[in-house]
Every structure is written in structure tokens, then in C-alpha cells.
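Let me begin by presenting the structure, written as C-alpha cells, before commenting on it.
Please treat every number below as a calculation from the coordinates, not as lab data. The structure displayed is predicted, hence computed values, not measured ones. So basically every Cβ, Gly included, is an ideal-geometry build from the backbone, and we count neighbours across all protein chains shown.
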Amino acid sequence: MDSIRFNFPAPAIDDSVDSLRMDVRSFLQEEIRNGSFRPGTDCWCAGIDPEFSRKLGERGWIGVTWPKQYGGRELSALHRYVITEELLVAGAPVHAHWIADRQSGPLILATGSEEMKQTILPRIAAGECFVALGLSEPESGSDLASVRTRAHRVEGGWEITGTKLWSSGAQSCQYMTVLARTGERNEKKRHEGLTQFLVPLDSPGVTVRGIRDMSGVEHFNESHFEKVFVADDAVLGSVGEGWKQITSELALERSGPERFLSTFVALEKSIQQGAASMEGHQARVVGSILARIRALRAMSLGVAALLGQGQSPDVEAALVKDLGTRLEQDIIERLREFWPIQLKQNFGDELQYLLSDSLLRQPSFTLRGGTNEVLKGIVARGMGLR
Ligand SMILES: Cc1cc2nc3c(=O)[nH]c(=O)nc-3n(C[C@H](O)[C@H](O)[C@H](O)COP(=O)(O)OP(=O)(O)OC[C@H]3O[C@@H](n4cnc5c(N)ncnc54)[C@H](O)[C@@H]3O)c2cc1C
């Protein structure tokens, strides 16, 4: 068998990247000092604060890689990487704009109409417009090609009917990218006949209902579309090409630092709190976690470098997400050996607040964005083993 190679190039990090990191870090320290937010675990999914997103937009820290004519700054994928990394380690409430910045904006840029680019992208970059992901459905998760939401051609556009499930943050979003079946379902060609639409969530016929998770947060939603009309120019890309578009979004969705830093804020707090007494077994455990974070960071930066070169490293991204999400769960499992977690409602103690919130949120890490079993299948296929 041929040897199998993964490609994780080490990117060159220049002064402008470091200086941007320092700007973001000092802004966040100032915000924490002013009480603008309480650092939280899994902040990129649980922390929704549109006002905070607007502040980031004002500073030019959303959509940084996009062309200037659409509100971007034409910076590199690495500039975006350090912004996201600083936001995550600070536990900042960034969910409102996260998906639009990470993948819906790039999707609009690649497949949207000129009008969509001119009107929507600058608003996303300003932190004023947010987009939810409408992929999963009650009977379709891992097997996305089985989606039952349908879009029928009508005069001047399309009529969409169906239900999307688990759409993170949809309650604060103005739009959702909806994957719908536009062609007949053919069991032999299951990935054909699917189309993506950008649907305004204030359209008649749309209802968005929050679903409470076990940490008590209503971050994801069930969204129902009942004969929702969208004009022809709501189609993203070409009719019937939705599957290809979704798969090209996956490297963006799966490789970022949010796939291994969701519980970092709890780790950092526990190190600060226990640093003076940490020795022996405890020091070894924390040391091995830090070594794994370092390795994952190198891999994730490698994917960012490949994305910056215009490549779509899906297999490497799947590997980062599989290893990273297991690490962020392990962090909490290992820390609770030393800091038993008490689940209660009102916390004065920051470490207990972060640990208990992480414990309740961690089962979702290896599900969202594709389960680890599915990711292993992608990696195996990429290695030529399936
Ligand atoms: C916090 C959170 C946020 C989310 N946000 C969004 C969102 O914004 N938008 C959106 O569209 N979706 C979202 N999702 C949905 C998520 O993408 C799905 O939960 C995920 O893809 C799994 O689908 P499912 O829940 O239907 O599980 P299923 O697909 O039913 O899987 C059940 C089990 O079977 C296993 N399994 C399934 N197929 C295979 C296979 N081929 N080989 C091996 N094992 C398999 C899975 O690994 C899993 O363990 C979110 C989920 C969570 C938890």
C-alpha cells in the first residue's frame, strides 16, 4: 500500500498577525474589566450577544479575508485565525456572528448574486447581520442527502416547505442557508437534486422555536418553513449543485480553533487556581493536555494555511475535528479528577461555574458539525482505506 500523507504546512506568521493578536487581546481584557461579558465555556456556541458582535464589526474583526468592496479587509486566513483564537480563549460571547463569519459569508462570496454580496456581506462584516445553518432535519443528520425539505418552482421564484432542526443561533439571525430538495430523489444518485437557498427568516411562513439544551440554554432551534416564497436570486450557486457546495464548506466548518478550544477557559482557570500546588500526577495530566493542544493548534494552523492557498483540505479538517473535540471533552473529564464538579444554579466560584457548564455542554462537541464516527469514515476514505 502507498504511504499515506496528511498535509499540515507550518504557516509563516508575520508581524502584522502578531500585532493584530495584541490589539484583539487588549480589547478583550478591557471588555472583561468593564464587565461587558463574563468569560464562558463553549462561547462560540452558547454565548449569543449581538451587541458584542457589533463591537467586533466596528473594529473590523469580522469578514477580514473578504474583498474590501464587500466590507472585508483582504487580510489572510491567518489574520482571521488569530482573531478567532483570542476570542475563544477569552470566552467571549461570539456566537451571533460566528457562522456567518466562518462559512455563510464565504459561501455567499463564492455562490451568491452580486446584489446579495453588495447588500448582505457588508452588514455581516459590520456585525449587524447573522446567518444560521439549515442542514439537519428531524430524520436527517449524518445522512444529509436524505433531507425532505422541498423547494418547488413557482412564478418568479421558489416555494419552500419543510423543517430544519438544531440550527444554532437561528433566533438571532436574519437569514438561514437552507438545503432543500429541488429534484426528484434518486436512490442511485442521492447527492443530486439538492439546492441551497438564502432565506430571510422574517419571510411569511417561517417559524423559529428555541430548543433548551441540558445546560439550560436555548441556543439551537427547530425552524419550520410553510410554503415560504423566495425569489430566484435567493438560490446560492446553481440549482441541483447544493451537495458540492456543502462539502466545500466543511473544511471551514471543521478545522478552526473552536474545535479544540471550547473548554480552554475552564482549563486556564483551573491552572491559575491550582498552579501553586500542582505537582506529580496532576502536573503530568495538565502537561499532557497542553501538549495535545499544541499539536492540534499546529494542525489547525496548517489547515488555515491551505485554505489561504485556496485549497479545500476536507480530510485534514475532519482529522482536526475528530481529535480536537475528543480533547475538549477529555479536558473536563481529567480536570474533574482534581476539582470535583458540583452542579448547581448560582455560582460565585468561577472555576465551578466553568467546569459545570463545560460538563453539561461537552456531549454536543462530538456531534455538532458531523459526528466523530462520520469523521473517521471521511479520514479512512481519504487514506484510501474505504
Ligand atoms: C450543539 C449542536 C449544534 C448544532 N448546530 C447545527 C446547525 O447549526 N445546523 C444544522 O443543520 N445542524 C446542527 N446540528 C446538528 C448536527 O449536525 C447533527 O446532530 C449531526 O450531524 C448528527 O446528526 P443526528 O443528530 O441526526 O444523528 P444521527 O445521524 O442519527 O446519528 C446517530 C448516531 O449514529 C452514528 N452514525 C450515523 N451514521 C453513521 C455512519 N454512516 N457510520 C457510523 N456511525 C454513524 C452517529 O455517529 C451517531 O452516533 C447541531 C448539533 C448540536 C449537538
Q: Using the charge dipole of the chain (Lys, Arg: +1 at Cβ; Asp, Glu: -1 at Cβ; taken about the Cα centre), state which of 348, 335, 379 has its Cα farthest towards the positive end.
A: 379
Q. For the chain, modelled as a Gaussian network with Cα springs under 10 Å, which listed residue fluctuates most, 157, 256, 134?
A. 157
Q | Highest-MSF residue in the chain out of 324, 60, 112 [GNM, Cα springs under 10 Å] | A | 60
Q. Which Rg and Dmax, in Å, describe the Cα atoms of the chain?
A. 20.8, 71
Q: Note the full-extension length gain between residue 34 and residue 73 as 0.36 nm times their separation in residues minus their Cα-Cα distance, in nm to one decimal.
A: 11.2 nm
Q | Rounded FRET efficiency, nearest 0.05, which uses the C-beta distance separating residue 290 from residue 227 and R0 of 45 Å | A | 0.25
Q) What residue among 326, 181, 190 has the largest mean-square fluctuation in a Gaussian network model of the chain, using Cα springs under 10 Å? A) 190
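Ordered by packing density, taken as the mean number of other Cβ atoms within 10 Å over each peptide's residues, highest first, how do 116-124, 286-294 rank? Don't skip to the answer; put the middle values down first.
Numbers: 116-124: 19.3, 286-294: 14.6.
Order by mean packing, descending: 116-124, 286-294.
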**Q.** the chain: angle of helix 77-89 to the longest principal axis, Cα-based, in degrees nearest 10
**A.** 60
Q) In which sequence would 341, 332 go, from the one with the fewest C-beta neighbours within 10 Å to the one with the most? A) 341, 332
Q: Kindly put 173, 45 in sequence by how many other C-beta atoms sit within 10 Å of each C-beta, fewest to most.
A: 45, 173
Q: Compute the length gained on full extension between residue 153 and residue 22: take 0.36 nm times their separation in residues and subtract their Cα-Cα distance, giving the result in nm to one decimal.
A: 42.1 nm
Q.
What whole-number distance in Å separates the alpha-carbon centres of the range 1-53 and the range 274-312?
A. 14
Q | Placed amide H near residue 229: partners under 5 Å, 5+ positions off or other chain | A | 160
Q. At a Förster radius of 25 Å, what calculated FRET efficiency corresponds to the Cβ-Cβ distance of residue 211 and residue 376, to the nearest 0.05?
A. 0.35
Q: Using the number of other C-beta atoms within 10 angstrom as an exposure proxy, rank 19, 136, 358 with the fewest first.
A: 19, 136, 358
Q) What value, in deg cm²/dmol to 500, does the helix sum -39500 (n - 2.57) over DSSP H runs of n ≥ 4 give at 222 nm once divided by the residues of the chain? A) -14000 deg cm²/dmol
Q.
Tell me the angle of helix 280-308 to the major Cα principal axis of the chain, expressed in degrees between 0 and 90 and rounded to the nearest ten.
A. 30
Q. Using θ = phi - 60° and the Karplus curve 6.51 cos²θ - 1.76 cosθ + 1.60, what whole-Hz ³J(HN,Hα) does each residue of the range 258-273 get, with Gly and Pro shown as x?
A. 5, 8, 9, 10, 4, 10, 4, 4, 6, 4, 4, 5, 5, 5, 4, 6
Q: List the longest stretch of the chain that has no exposed loop site; here a site is one of the chymotrypsin sites (Phe, Trp or Tyr not before Pro) assigned by DSSP to anything other than H, G, I, E or B, with at most 15 other Cβ within 10 Å.
A: 7-346
**Q.** Nitroxide proxy distance, nm - points 7 Å out along Cα→Cβ at residue 347 and residue 273
**A.** 0.7
Q.
Using a Cα-Cα cut-off of under 22 Å, which lysines could be cross-linked to residue 189, ignoring same-chain neighbours fewer than 8 residues away?
A. 244
Q) Can you give the FRET efficiency for residue 13 and residue 202, using 1/(1 + (r/R0)^6), R0 = 35 Å, r = Cβ-Cβ distance, to the nearest 0.05? A) 0.25
Q) Rounded to whole Å and sorted largest first, what semi-axes of the equivalent ellipsoid does the C-alpha gyration tensor of the range 176-273 yield via the square root of 5 times each eigenvalue? A) 34, 20, 12
Q) Cross-link list 321/376; 68/117; 188/227: which exceed 21 angstrom alpha carbon to alpha carbon? A) 188/227
